[in-house]
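As structure tokens, the structure follows; a few thoughts come after it.
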Amino acid sequence: MWEVAIIYGFINSVILALTALGFSLTFGISGVPNFAYGAMYIFAGFVSWLLLNKLELPFFASALIAIAFTAILGAAMYRFVLLRVRGLVISEVIATFGVGLIILELFRYLGFSGFEYTLPVFSDGSLLIGHTYVDYQRLWIVGVGILLAIGLYFFTHHTKIGLAFRGIAQDEHTALSLGINSDRIAGLSVAFGSGLAAVAAILILPRGTISVNDGYDVLINAMAVCIIGGLGSSVGVVLASFIIGYAQIMTDILSGPQWKMIISLIAILVILVVKPSGLLGKQKELEERI
Amino acid sequence: MKKIFLTANLIIGLLVVLFMGLSYAEDPILIGVPTAETSLEGRESIKAVQMAVDEINAKGGVNVGKEKRLLKVLVSDLRDSSAGVPVSEALLGLEKIITEKKVNAILVGPFRSESLLAGMDIIAKYKVPLLETIAMSPKFEEKVKEDPVKYRHCFRVCLNAQSLVGYLAQSLGFLKEEFGFNKMYVMTQDVLWAKATGGGVSKVATTKMGYELVGSETYPTGASDFSAGLMKARIKNAQVILPVFDMPQSGILLKQWKSQKIPSLLCGFISPMAGPAAWKIFEGKLGGLLNSNFELGSAIPVRKYPPATKFYEDYQTKFRVPMEAGHGPAPSYDAVYILAEAIERAGSLDPDKIADEIKKTDRVGVIGKIKFNDGNQVIYGADPKETAAGCVYQWTEDGKRVIVFPKSIAEGKIVLPEWISPSKK
């Protein structure tokens, strides 16, 4: 049983990290809330499904187009919705959450519900690790998830745009005075984040069906990981993913799957009470000390 | 003069025809179909109702006393199959279609038993005959039996969880007899009927058949990762896993079962696996699964019972797609005929008279011989010539569905997948 817990805990943690990367890039690192994140994830899934099944494009072409469409949708949301309320945090949250609700509920209204909405796996079969079978799709998730997490770290620490992402979150006015176009960077951040949500969807959704309700769960999980890890910290995101990932698997094994989702919410509550800046968060650390 | 006379006659004739048409259009019998429109079972049940209504209307409609009246279907979405939709919302929808649309009867009805049980009081309040065809909790009959006068308008045509327990328990008995299996693991969705079914089957199997329950799991609606549960079943050496799910995501359980090569036979109900499309959607990873179709005709042709096969084929001809829901469409189709015949026997649209006549139903339907018990539930059994019936079938490795239970309509025997070994040789 412990072998299962270790292997599946690791996989679950990488899935969580992968799910949260885009949200972390936009909200955690750039300070721009995108509470339509879960909707972007589902949007990518349905677009890919439509291209694959209605236009009969090859899966990888449909996946790439879906990722591009989702990034464009994110940029459009920034340009036409977020830009108008920029700087008003509560309004930003409400506006993006509203956009997310519209997207998700529109899919529901249009009848996108049923077992036929499923994406194919990248490769079929499974691998025996010790005494535990792991399907190849999970191995893909782990591989791409680790690569993306490392890539995101280097992107935000060693590239001009990545540094600009962090810059506008640290102090937008100073960033402006240094020649960073904060509106453009924030827009890019939302587009990148949405694109990452789409990548996560293309990798993770073949394990299940594309369901509107998953959009809400993805948002809760991504929020939990970012809040617990600490806003602005890529390493924190990974650390939090592993804490929640293993906690969820242990809960599943010891208590039953119906308690899994509660773990994320309890973790958010505990961290907000004990250390509001998160495990490795820097953005509010000073306020916390005062 | 002759021309004027002819023209006047023509105009009068046209007016008479128009008037007759209008009188038909103004007075159809309104059939309310409030259900979860986004669910597969709901969608296909609505289509089955429409199919029966079209057939009846094509023959001129229903005799109400001396009048012939057409049927008209009014659909409303209760959304109660979706996670997080409160029962109160479904009840509002149910009450709305009764009070605003003034329907004469309700068919199909709520998707969730939780909504049905609460909705029965609304039905009792407005006295509108209900023929439920999806929600399955046995508590429905308990409620009717507790107060048969109050709930005299509530009927259920689909299988109830109790009968499903019977089918599955007998299948488990057969597995024990044939292969020597005696350890079971239960995986159910966290909804009333599924938990009742899972609990009921394990109770019968452990107390009467010598099975050992080695574990059980309950999954929230919408869950799509079953790997930890499957691993637990493997570690505890379960030989049979009993899944009971009606959510679209549950199809993934099969993929995970097959890719992890879990050495336990799946025998239960996984709703997305009911219809023929499952084979393509789930990439052919279904071979070996024992699944139930709750009513004959619902997404499965039955070679030994022609009315079910005819319904299955007619549906495909009419809608140009095969039926996929293993629960709902067939009893929904039959429900229209039950209602139409009850109205004709009652000779009026008086709900009390209709309810009394529904209770007396004795007809050969798509689901088998239809009669109601004292809990206003259609009686299900093992032979469609005697009672209504469901069936258990097995997906073969080459994508066919072979009925294995009940014996009266069985088309083949259970075959174990190559990675599962029998306990007795």
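Per residue of chain A, what 222 nm ellipticity follows from adding -39500 (n - 2.57) for every DSSP H run with n ≥ 4, rounded to the nearest 500?
-23500 deg cm²/dmol
Can you tell me the alpha carbon radius of gyration of region B:267-344 divided by the globular rule-of-thumb value 2.2 N^0.38 Å?
1.20
Summing +1 for each Lys or Arg and -1 for each Asp or Glu, what net charge is found among the other residues whose Cβ lies under 10 Å from the Cβ of B:Pro272?
Neighbourhood net charge equals -3.
Under a 10 Å cutoff between Cα atoms, tell me which one of A:Val93, A:Val270, A:Val235 has the largest fluctuation in the Gaussian network model of chain A.
A:Val270
Which one, B:Val87, B:Pro351, B:Asn237, is farthest towards the positive end of the dipole of chain B when Lys and Arg carry +1 and Asp and Glu -1 on their Cβ?
B:Asn237
Over 31 Å between Cα atoms, which of B:Lys47/B:Lys369; B:Lys72/B:Lys255; B:Lys385/B:Lys413 qualify?
Correct reply: B:Lys72/B:Lys255.
Compute the Rg to Rh ratio over region A:71-130 from the alpha carbon atoms, using the Kirkwood formula for Rh, and round to two decimal places.
Radius of gyration relative to Kirkwood radius: 1.24.
With both bridge residues required to lie in the protein assembly as shown, what share of the DSSP beta bridges run antiparallel, to the nearest 5%?
35 percent
Give, rounded to the nearest 20 debye, the magnitude of the charge dipole that region B:126-182 has about its Cα centre when Lys and Arg contribute +1 at Cβ and Asp and Glu contribute -1 at Cβ.
In total the dipole reaches around 340 debye.
To the nearest 10 degrees, how steeply does helix B:40-58 sit against the main Cα axis of chain B, on a 0 to 90 scale?
30 degrees
Select from region A:1-107 those GluC sites (Glu not before Pro) which occupy a DSSP coil region and have at most 14 other Cβ atoms within 10 Å, ordered by residue number.
Details: sites: A:Glu3, A:Glu56, A:Glu92, A:Glu105; in loops: A:Glu56.
Within region A:1-107, the qualifying GluC sites (Glu not before Pro) (loop, at most 14 other Cβ atoms within 10 Å) are A:Glu56.
With the full set of protein chains in place, find how many percent of the accessible area of region A:2-289 is carbon and sulfur; take the probe as 1.4 Å.
72 percent
Once you have all Cα-Cα distances for chain B, histogram them in 10 Å bins from zero and send the whole-percent values.
For chain B, the pair-distance distribution reads 5, 22, 31, 22, 11, 5, 2, 1, 1, 0.
Against the longest principal axis of chain B, how steep is helix B:2-26, in degrees 0 to 90 to the nearest 10, with axes from Cα atoms?
Orientation of helix B:2-26: about 40 degrees from the principal axis.
Using the structure shown, select from B:Lys59/B:Lys150; B:Lys176/B:Lys258; B:Lys150/B:Lys360; B:Lys232/B:Lys407 the pairs with a Cα to Cα distance greater than 29 angstrom. It would help to have the intermediate numbers written out before the result.
On the way: B:Lys59/B:Lys150 35 Å; B:Lys176/B:Lys258 22 Å; B:Lys150/B:Lys360 18 Å; B:Lys232/B:Lys407 33 Å.
Table pairs above 29 Å Cα-Cα are B:Lys59/B:Lys150; B:Lys232/B:Lys407.
Please give the calculated 222 nm ellipticity per residue for chain B, where each DSSP H segment of at least 4 residues contributes -39500 (n - 2.57) and the sum is spread over every residue; nearest 500 deg cm²/dmol?
Numbers: 13 runs with 178 residues, N = 425.
Value at 222 nm, helices only: -13500 deg cm²/dmol.
So what's the angle, to the nearest 10 degrees on a 0 to 90 scale, between helix B:329-346 and the longest Cα principal axis of chain B?
Rounded to the nearest ten degrees, it is 40.
Filter the DSSP H helices in chain A by two things, a Kyte-Doolittle mean of at least 0.5 and an axial alpha-carbon span of 18 angstrom or more, and list the hits by number.
Those that clear 18 Å and a mean of 0.5 are A:2-23, A:37-53, A:59-80, A:89-109, A:136-158, A:182-204, A:212-229, A:234-254, A:260-274.
How many partner chain Cβ atoms sit within 10 Å of a residue's Cβ in peptide A:208-217, on average, as a whole number?
Averaged over the peptide's residues, the number is 6.
If you take each beta carbon of peptide B:248-254 and count the beta carbons of other chains within 10 angstrom, what is the mean?
Partner-chain Cβ atoms within 10 Å, mean over residues of B:248-254: 5.
Which order do the peptides B:316-326, B:176-186, B:65-75, A:238-248 take when ranked by the mean count of other beta-carbon atoms within 10 Å per residue, highest first?
Details: B:316-326: 17.5, B:176-186: 19.5, B:65-75: 15.5, A:238-248: 23.3.
Result, highest mean first: A:238-248, B:176-186, B:316-326, B:65-75.
Could you work out the pair-distance distribution P(r) of the protein assembly as shown from its alpha-carbon pairs, with 20 angstrom bin width and percents rounded to whole numbers?
17, 44, 29, 9, 1, 0
Please label the shape of chain A as rounded, prolate or oblate, based on the square roots a ≥ b ≥ c of the eigenvalues of the alpha-carbon gyration tensor (a/c under 1.5 means rounded; beyond that, a/b larger than b/c means prolate, else oblate).
The shape class here is oblate.
How far is it, in nm, from the label point at A:Glu56 to the one at B:Asp147 when both lie 7 Å from their Cα along the line to the Cβ?
It works out to 5.8 nm between the two label points.
So, how do all the Cα-to-Cα distances of region A:136-187 break down into 5 Å bins, in percent, from 0 on up?
Here the calculated profile for region A:136-187 is 5, 20, 21, 16, 11, 10, 8, 5, 3, 1.
Report the one residue of A:Trp140, A:Val238, A:Ala5 whose Cα lies farthest in the direction of the positive end of the charge dipole of region A:2-289 (charges on C-beta: Lys and Arg +1, Asp and Glu -1; origin at the Cα centre).
Sorting the options by dipole projection puts first A:Val238.
If B:Asp77, A:Asp214, B:Asp398 are ordered by their accessible area, calculated over protein heavy atoms with a 1.4 Å probe, which sequence runs from highest to lowest?
My answer, sorted largest first, is B:Asp398, B:Asp77, A:Asp214.
Roughly speaking, what is the stretch gain from B:Arg345 to B:Glu177, that is 0.36 nm per residue apart minus the C-alpha to C-alpha distance, in nm to one decimal?
55.7 nm
If you take the square roots of the eigenvalues of the alpha-carbon gyration tensor of region A:1-108 and sort them as a ≥ b ≥ c, do you get rounded (a/c under 1.5), prolate (a/b over b/c) or oblate?
On the way: a/c = 2.27, a/b = 1.20, b/c = 1.90.
Oblate shape, in that a/c is at least 1.5 and b/c is the bigger or equal ratio.
Give, as a single signed number, the net charge of other residues whose beta carbon lies under 11 Å from the beta carbon of A:Gly256, with Lys and Arg counted +1 and Asp and Glu -1.
Details: positive: A:Lys260, B:Lys232; negative: A:Asp252, B:Asp190, B:Glu217.
Taking every Cβ under 11 Å from that of A:Gly256, the sum is -1.
Any idea how many Lys pairs in region A:2-289 come in under 30 angstrom at the alpha carbon, given 8 or more places apart or on separate chains?
Number of lysine pairs found: 6.
Tell me which of B:Ile403, B:Ser421, B:Phe319 sits at the most positive position along the dipole axis of region B:316-425, charges placed on C-beta atoms (Lys, Arg +1; Asp, Glu -1).
Of the listed residues, the answer is B:Ser421.
The values are calculated or read from the model by the stated rules, or taken from the named source; none is laboratory data. Predicted, not measured: the structure shown is a model, and the values here were computed from it. Every residue, glycine as well, gets a Cβ built from its backbone with ideal geometry; the counts of neighbours run over all protein chains shown. Please note that ligands, DNA and RNA were not included when accessible areas were found on the heavy atoms of the full protein model with its side chains. Shrake-Rupley method; radii C 1.70, N 1.55, O 1.52, S 1.80 Å.
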